[in-house]
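These notes are about the structure you will find just below.
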Amino acid sequence: MPRDFNRIVLGLAVFLALVLTPVWTNLFRSVPPLQDPEIATRNIPGKDKCVLPSVEMKVTHMNLLNQWRDSVVRNDQRDYATADGRHFDMSLSRTCMNCHTDKAKFCDRCHNALAVNPYCWDCHVEPLVQPASMGTEVR
Amino acid sequence: MLEKALYGDRKYWMWIISLTGVMVIGGLFYLHQFRNGLTVTGMSRDVTWGLYIAQFTFLVGVAASAVMVVLPYYLHNYKAFGKITILGEFLAISAVTMCVLFIVVDMGQPFRVINLFLHPSPRSMMLWDTVALMGYLLLNVLISRVTLSAERKGIAPPHWIKPVIILSIPWAISIHTVTAFLYSGLAARPFWMTAVLAPRFLASAFASGPALLILVCLILRKVAKYDVGREPIQKLAVIATYAMCANVFFFLMEVFTAAYSNIPEHMAHFEYLYFGLGNHHALVPWMWTSAALAVLTLILLLNPKFRAKENLLVVACAALFASIWIDKGMGMVVTGFIPSTAGQVHEYFPSVTEIFVALGIWALGILMVTAFYKIALSLRRSAA
Amino acid sequence: MMDRRDFMKYAGLSGLSLASIPLLKKLSAAELPQGSSHATKQLAMVVNLRKCLELDNCTKCIEACNQTHNIPLIDNPDDNIRWIWKERFDRAFEDQEHEHLTESIRWSPLVVMCNHCENPPCVRVCPTQATWKREKDGIVMMDWHRCIGCRYCMAACPYGSRSFNWRDPRQHLAKIQPDYPTRTKGVVEKCTFCDERLSRGQLPSCVEACSEKALTFGDLSDHKSEVRELLSSAYTIRRKPSLGTGPQVYYIV
């Protein structure tokens, strides 16, 4: 047996326990099964199509939201033109959530299952139930 | 090399465990602050910086003061400092680490600290202070590592390290200068907006740092049976004496300018510090204690006969350290906000959470110093 | 053959150099904040105290602002949030105050807010450009996504116009206005001259709410604007102009 065998094993055990914290803490957590988000929307005339195809949105919505954020906050540019020439007001609560009104089904389902915690809703206000139609006017 | 810190007697381990205990308690208090926000501190909309930033400012000084041993040893080839240079460098590394932690615990959104690097603003002194501190940390890690491992092998350190060491000298001056610029460039705060702030920071650093190093050397002699000898300690005492004189001198300059010009915004802060404003005099006893300790320090240090006696020197160094810790920490930072920009007096008292978080960081710093010194001394012993 | 020690060394060095790339990139990209000389517009506010002080205890502008921007109502004055609030004349204009000043002015609470300075010290000190002076109209903006909560801007602002979220503001909001975000704990906030309303072609909510028409808002670079007319017809003062910040809120005494 090598010198300090016991100490080495103990040290390794502590190290592994620390490094694997995310794994073993999740063992005791009930994780909701991964479900597809509910994309069902309120039908708003002229707004039956999302800003990007849903395949793309699934993968890149976070980047798009970051772009929108920077564009609105830092450059005061609020108009988003899609590739096929439609225009949207860049706003999470006034545009995205005006169609996809149910945050729990639309956002949280995946986020919870994937254990991601975007801080959007620390500040932005989720729509209560069915918001009054606001802010989606076409420019 | 690091494994040397893992061999120690019972007393050593008791010390390590108690420091770790304080760190854990501090960590728990920080968790509390992290969950509930900085409302658990004593800070307010008028006094937006408190104990944390005060400790940060003071410790930048301790870090910078390593230059007071590095400069004589490497630039003037003052051999007597051979045994303590590494102690100074390790002290600097620990102090900078504590500085970084004090900044992080003071942040409202610590997870966004990366924004400092993603969106740096060249006009902000805080960016340059970060750059200066990180650079200083790297320099000292590199220098202490290279010189120590050369010592272990019993060879002279490589030649390329010399220019790096020389670079660390102006760099040490720069960290404290830029830290002073954080404050002295603010038109809104007349108490800080003084050109003598950076020189005063340096003077107080070069007094408190060597004083701390003297105390550390004497402790090492007691608990680790490691004697650096009499000469370097006496030399450090002389350095601390001159620097303390400069510090007190600069302070009196400030008082004269404020009092003689009698500009109310400048005077109010000094009145608050030493006499209180209205019913508010939380800092008055502290500041007079600091002043009394400064006088005691000067009496003991200026007289060579007193200074030469080691038990009096211990008193002088402890008094000096405490005096500057009060004056430069809380006195300097908090008073910049009192009275506020609207002439209002809102006092600041650190909360229990703040005190324990600060203690936790201090414990971590002391733990680092202990481990580093353990390594350095073990290497020297096995080499001898 | 590379030993463990060398491996650690090189790994550390490569990590460090990788980490410094974004910093160097950003610094070289010269995203330097622009000075006011580039501003095409400079928005400003004129507060007519003669009209404002006519109604005692009127807080319409403050209430409108608080509602529009989801500003929490925290009782403790030591850590509440203020975008527009009332400060006594002797505190707002410390350097103009003297003991023989007419009583009607001396102790009067007058509305104060962010001065949207021409040369804002808060912008200068912010380490992350989370606050900046907008080039096109001179508004001193705030990005709450980016603020790290260091509170350096609060130390630098001579007017106390910045508030820090010492705690979660939502616990102190009776009603949340869904059209505007709240803030999160740990960030600094302040008045933005209602940039979100301006971009929809509306006036700031305080201006709109004032029944006395004591608040006038407009572009100073337009010499036909209402604010310019007011400034050229009445004597106005600003808060602490000697500091060189160039405050853009003017008061008709």
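Only the coordinates and a few stated rules stand behind these numbers; no lab work does. The model shown is predicted, which means the values in this text are computed figures rather than measured ones. Heads up, the Cβs are rebuilt from the backbone with ideal geometry, glycines too, and the neighbour counts pull from every protein chain shown.
For the segment B:93-99, counting C-beta atoms of other chains within 10 Å of every residue's C-beta and taking the mean gives 0. What does the charge count near residue B:346 come to, summing +1 for each Lys or Arg and -1 for each Asp or Glu among other residues with Cβ under 12 Å from its Cβ? Counting the neighbours of residue B:346, the net charge comes to -3.
When Lys and Arg each count +1 and Asp and Glu each count -1, what net charge do the other residues less than 14 Å away from residue A:58, Cβ to Cβ, add up to? Taking every other residue near residue A:58 into account, the sum is -2.
Axis of helix B:230-261 versus longest Cα principal axis of chain B: the two differ by about 10°, to the nearest ten degrees. Modelled spin labels at residue B:299 and residue A:34, positioned 7 Å past Cα toward Cβ, are 7.6 nm from each other.
State which helices in chain C qualify, where a helix is a whole DSSP H run, it must extend 15 Å or more along its own axis by its Cα atoms, and its mean Kyte-Doolittle hydropathy must be at least 0.0.
Correct list, ordered by number: C:4-28.
Left without a cysteine partner by the 4.7 Å Cβ rule in chain C: C:52, C:58, C:65, C:117, C:126, C:147, C:150, C:157, C:194, C:210. With one equal scatterer per alpha carbon and no solvent term, the Debye-computed log10 I(q)/I(0) for region B:2-383 at 0.08, 0.10 1/Å reads -0.42, -0.66.
What number comes out for the charge environment of residue B:205, summing +1 per Lys or Arg and -1 per Asp or Glu over other residues with Cβ under 14 Å away? Provide the component values of the computation, followed by the final result.
Working: positive: B:200, B:328; negative: B:327.
Around residue B:205, the surrounding residues sum to +1.
Need the C-alpha centroid separation for region B:94-156 versus region C:209-245, integer Å. If we compute the Cα centre of each part, the gap is 47 Å.
Taking a point 7 Å from the Cα of residue B:259 along the Cα-to-Cβ direction, the residues of region B:283-315 with backbone N closer than 20 Å to it are B:283-299.
Give B:83/B:222; B:4/B:225; B:225/B:305; B:83/B:235 a once-over and call out the pairs whose C-alpha atoms are over 19 Å from each other.
Over 19 Å Cα-Cα: B:225/B:305.
Structure remark: mean-square fluctuation, Gaussian network model of chain C, C-alpha springs under 10 Å; the largest value among C:148, C:62, C:81 belongs to C:148.
Inter-chain neighbour count for B:332-341: the average number of beta-carbon atoms from partner chains within 10 Å of each residue's beta-carbon is 2.
How about residue C:51: which lysines have a C-alpha closer than 18 Å to its C-alpha, ignoring those fewer than 8 places off in the same chain? Cross-link targets: C:60, C:86, C:213. When the label point is put 7 Å from the Cα of residue C:3 along its Cα-to-beta-carbon vector, which residues of region B:133-157 have a backbone N closer than 20 Å? Hits in region B:133-157 for residue C:3 at 20 Å: B:142-157. Label-to-label distance, residue B:271 versus residue C:223, with points set 7 angstrom from Cα along the beta-carbon direction: 4.6 nm. Axis angle, to the nearest 10 degrees, between helix B:125-153 and the longest C-alpha principal axis of chain B: 10 degrees. Full extension of the chain segment joining residue B:2 with residue B:315 gains 109.3 nm, where the gain is 0.36 nm per residue of separation less the Cα-Cα distance.
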